[in-house]
Amino acid sequence: MDLDAMNGPASLADRPAFPSEPVHALLADGTTVSIRPTAEGDLDGLIAMFAALSPESSRMRFFASGTAAGRGAARRLCDPHPDRIALVVVAHHGQDEEIIGEGEAWRLRPDADAAEVGFTVAEGHRGLGIGTLLLEHLAGAARAAGIRTFVAETLADNLAMKRVIASAGLNHSAAYEHGGTVFHEIDLTEDDAYLEVVADREFAASAASLEPLFRPRAVAVVGAGRGGGVGRAILDHLLAAGFDRPLFAVNPHADRIAGVPCSRSIDLLPEQVDLAVVAVPQDGLVEAAAACGRRGVRALTIITSPVSASVRMTVKAICRRHGMRLVGPNCLGVASFGPDLAMDATFGPQTPLGPARIRPTGTGPATMGPTAIGSSVIGPSAIASAAGIGVQSGGVGIAMLDHLSRLGIGAASFASLGDKADVSGNDLLAWWSRDPATRLVLLHLESFGNPRKFARYARRVARAKPVLIVAAGRSAAGSRAAASHTATSVAPGITREALYRQAGVIATHSVTELVETAALLATGARPTGNRVAVVSNAGGMGVLGADACVETGLAVPEFGGALRERLSTLLGPAADCGNPVDAGAGADADLLRAAVETVAASGEVDAVLLLLVPTALAELPATLAADARTGSVPALAVRVDQAAGVRTVVGSDGAVAPVYGDAEYAARALSHACAYAAWLRRPGGEVPVLSDVRSRDAARLISLFLATHPEGGWLPPDRAADLLACYGIRCARLVLATDEQSAVTAADVWGGPVALKAYWPELIHKSDAGGVLLGLSGPEEIRAGWRRLRDRFGDRLADVVVQEMAPTGVELLVGVDDDAVFGPLVAFGIGGTVTDLAADRAYRLAPLTGADAEELVRSTRAARLLAGYRGRPGGDVVVVREVLSRLAQLAAEQTCVAEAEINPLIAAPDGVTAADFRIRVEPRTPTDPYLRRLR
């Protein structure tokens, strides 16, 4: 296809490079600002901002002093031009607005993919990250318009501009010219290094914006009743928790409630309040939020439920206008604990256990008998870990807090997000990443506003502290019809599972499973492998424990001869010293502890599972696993006389170990811990930089198709091959033949056997329909094949694909399905006509790091075929991984691609070839999931 014959770059006005409505973002200090394109009404605000510049600042921006240059720039910025992007940053002061920054990018010439960039930050607002925020948003808008490079001309002594460019995270270079100017060239490519720098800035800004929520200097409860109700319950919880900072109630009918000073209205609060917890009826919610904004409140937690969509959006707009962060509505509340803070602004049945409030529940070792509760702490002290907890469901939050309190895992911070009008899981991750008290992250999220950003941010947090989530949304409800194998195989839970796996998030199926796993991870357990020793005083229980381990993907290896000999010497000739180890019903605590220590020190296992059956022959303390000195090898116990669930025990030397009521629960928790530890050991990897990709040509190809097919559709086979070629994916050569003679001519050029394939846009499974003829040679066979297809399909037949025969090899499926919320999902597995029968698929979200692509291949049965199965030739697995990366980049960059599938991708020892492929595109407005902005 002649890409050079296509239309040149569209003007910046032809493509929606920036939303027409303002977007909101956070500055470095957590302040909320809006960013939007310039408008005619901005003239006076821009003139005022430029007029207030110091003479030096004016010289830096305009290379001249005086106000004339500023007035001219203001008029230019307010005059729309098809080759310019112009943005302003606006600070909101209630109903008033102030322009505190401007930025513009001019395309250098109509056919260029470069633009000149410049911006201004108002006096008195520097040092807050406005310049870098403008540069990020200008770059995002420019990329959407096909611009790949910014150039900036600055004075040599303009250090502020140099700092902004250097700190942006984009690759750049500078060239010094005579006359005291410097020309900077900025590559707008969003590589991993750039996205990490952006994430650093967003984490810092988000955490700063949540300071009033989790570390408030003063709190007001709006709607606290004199005799009861939700507001009164929250006030009582704050008092019970020991909140010792200024606390106020707001109620028009009281001066004091429960001894707390009460204001008759929000406007009459006696001092500055950081956090207002609002529990008023829906019809008073908008006015309450507006009054909080007027009074300078910095964060709202809205308990009110239900709240209509229109009221929710109005309240959110008020919060944006006044720079307030919002949790809720329809939520349980928030809580935060630290060395100098105990805040419980929830209405759950009990106050959460905070890290500073953990108290011992016993003194010295204790024996464990049956209990009716699912989890508890036994021993002289509790777990030192504290959790950051975020839930959407208040009921889930209550259950989670109850379990964790019984385990002795304190809540460093808790947020019930409810309807998630503003604060989201991504914001919470930013807070927890910078909170040293948070050692463990526990989440329950029913929806994702920006899952690709969640995946990147969760991966950052999980490298430092475990992130566990209750995986909601696994049902088949909401599944959609789709045409390709890839799309039809994507069940509703698969995208979430892929997201969690790549991000290192530990996904559990219930609150109970999450708590069981948290109990183990909170002890610091990070197994160095998945080999488990099973030790028991009852052979039957040992067998059940070994079975449970194997069923969860753990290994129960045979012990070496030397280890078996040591165990036999220790336990006696009657003991079974294989794996599992049966120490016998008469084994006492000292003997079992010694057995655990022996296998842990052997180097043959990575964890020890101790199963205890109480007998009349020996007293077995609950702390037995905790008392064993196993070094870095975690030990956990199962007591068959314990009610289902998990409890935590503390040994005589302070070591902590979980005790489970069932071997399946213990094995499940241990499997999660092993998988998380393995993820930590895996190199993080980077998205590979593919220098031969022709992204701009690909975008033109898609635009040309959509110009003639405005509703979208399947690309013709030759156009699909051209698109894959733009990303360096080799396809078997083909032409679309409209008659017999053109088919014969094409085959004659290649000089070898060809395949003929029926084609019309709606045809999906060509082989099943008898639409594929292989190995045809010579004019007569090709003419006869053409007639067979024409006779079989009649008027449905649009064209016939004439394609060179692909080499033999391993047949694979590589595909992409672009989920409307999660983005492109890459699929890989066994391909060919048996792909559905083989049901061998693994999935990852695009873009793929090198490690993602390697794991994607390794996690399928297709990997065994690529390695050479039973003497058959294998395939070039390195190139297969590269094709996965290339297809993932195609899907990530070309947002109009809704589905793409190569089936089969034929992998031979010396390379790969795409033999058959389909790509569906549809009109979409490009968005940047990593751009800094609030929901």
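The values are calculated or read from the model by the stated rules, or taken from the named source; none is laboratory data. All of these numbers come straight from a predicted model, not from anything done at the bench. Virtual Cβ from ideal backbone geometry, glycine too; neighbours counted across all protein chains shown. What goes into the accessible areas is simple: the full protein's heavy atoms, side chains included, and nothing from ligands, DNA or RNA. Shrake-Rupley method; radii C 1.70, N 1.55, O 1.52, S 1.80 Å.
Data overview
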{"item": "Residues of the range 278-303 that turn out to be of a type in the set (S, T, N, Q), open to solvent by less than 30 Å² (accessible area, probe 1.4 Å) and over 29 Å from the mean Cα position of the chain (by Cα), as a count", "result": "0"}
{"item": "Filter result (in a strand (DSSP E or B) and either closer than 15 Å to GLY41 by Cα or of a type outside the set (A, V, I, L, M) (or both)) within the range 56-92", "result": "ARG84, ALA86, LEU87, VAL88, VAL89, VAL90, HIS92"}
{"item": "Given (1) open to solvent by less than 40 Å² (accessible area, probe 1.4 Å); (2) modelled with pLDDT of 80 or more, index of the condition ARG321 fails", "result": "(1)"}
{"item": "Output for the range 263-290, where each listed residue is among the aliphatic types (A, V, I, L, M), touching a strand residue (DSSP E or B) at 6+ places or on another chain (Cβ under 9 Å) and not in a strand (DSSP E or B)", "result": "ILE266, LEU268, LEU269, VAL273, ALA279, VAL280, LEU285, ALA288, ALA289"}
{"item": "Complete set of residues in the range 526-585 that are open to solvent by 30 Å² or more (accessible area, probe 1.4 Å), in a helix (DSSP H, G or I) and among the aliphatic types (A, V, I, L, M)", "result": "MET541, VAL543, LEU544, VAL550, ALA562, LEU570"}
{"item": "Test set (1) at pLDDT 90 or above; (2) outside any helix (DSSP H, G or I) - ALA476 fails condition number", "result": "(1)"}
{"item": "Subset of the range 831-846 [touching a helix residue (DSSP H, G or I) at 6+ places or on another chain (Cβ under 6 Å), crowded, with 22+ Cβ neighbours inside 10 Å and not basic (Lys, Arg)]", "result": "THR835, TYR843, LEU845, ALA846"}
{"item": "Count of residues meeting criterion [at pLDDT 75 or above and of a type in the set (Phe, Trp, Tyr)] in the range 1-57", "result": "1"}
{"item": "Selection from the range 252-277 of residues that are open to solvent by less than 30 Å² (accessible area, probe 1.4 Å) and in contact (Cβ under 8 Å) with a residue 40 or more places away in the chain", "result": "SER263, ILE266, LEU269, VAL273, ASP274, LEU275, ALA276, VAL277"}
{"item": "Matching option when the condition is outside any helix (DSSP H, G or I) and open to solvent by less than 40 Å² (accessible area, probe 1.4 Å), among VAL744, VAL693", "result": "VAL693"}
{"item": "The range 619-653, residues that are without any contact (Cβ under 8 Å) to a residue 60 or more places away in the chain and part of a loop (DSSP other than H, G, I, E, B)", "result": "ALA628, ARG629, THR630, GLY631, ASP653"}
{"item": "Residues (aliphatic (A, V, I, L, M) and either surrounded by fewer than 22 Cβ atoms within 10 Å (Cβ to Cβ) or within 12 Å of PRO929 (Cα to Cα) (or both)) located in the range 441-457", "result": "ALA455"}
{"item": "Count of residues meeting criterion [buried (at least 19 other Cβ atoms within 10 Å of the Cβ) and either part of a loop (DSSP other than H, G, I, E, B) or in contact with a Lys or Arg (Cβ under 7 Å, 6 or more places away or on another chain) (or both)] in the range 308-318", "result": "0"}
{"item": "The one condition in (1) touching a Cys at 6+ places or on another chain (Cβ under 9 Å); (2) open to solvent by 30 Å² or more (accessible area, probe 1.4 Å); (3) acidic (Asp, Glu) that ASP42 fails to fulfil", "result": "(2)"}
{"item": "Elements of type strands (runs of 3 or more DSSP E) contained in the range 111-187, each with 1 or more residues being farther than 20 Å from VAL198 by Cβ, touching a His at 6+ places or on another chain (Cβ under 7 Å) and touching a residue at least 40 places away in the same chain (Cβ under 8 Å)", "result": "149-155"}
{"item": "Matching residues, the range 765-792, being aliphatic (A, V, I, L, M), outside any helix (DSSP H, G or I) and open to solvent by less than 50 Å² (accessible area, probe 1.4 Å)", "result": "ALA769, VAL772, LEU773, LEU776"}
{"item": "Filter pass, ASP547 being modelled with pLDDT of 95 or more and touching a Ser or Thr at 6+ places or on another chain (Cβ under 7 Å)", "result": "no"}
{"item": "From GLY712, GLY685, GLY645, residue being on the phi > 0 side of the Ramachandran plot, under 31 Å from the mean Cα position of the chain (by Cα) and crowded, with 18+ Cβ neighbours inside 10 Å", "result": "GLY645"}
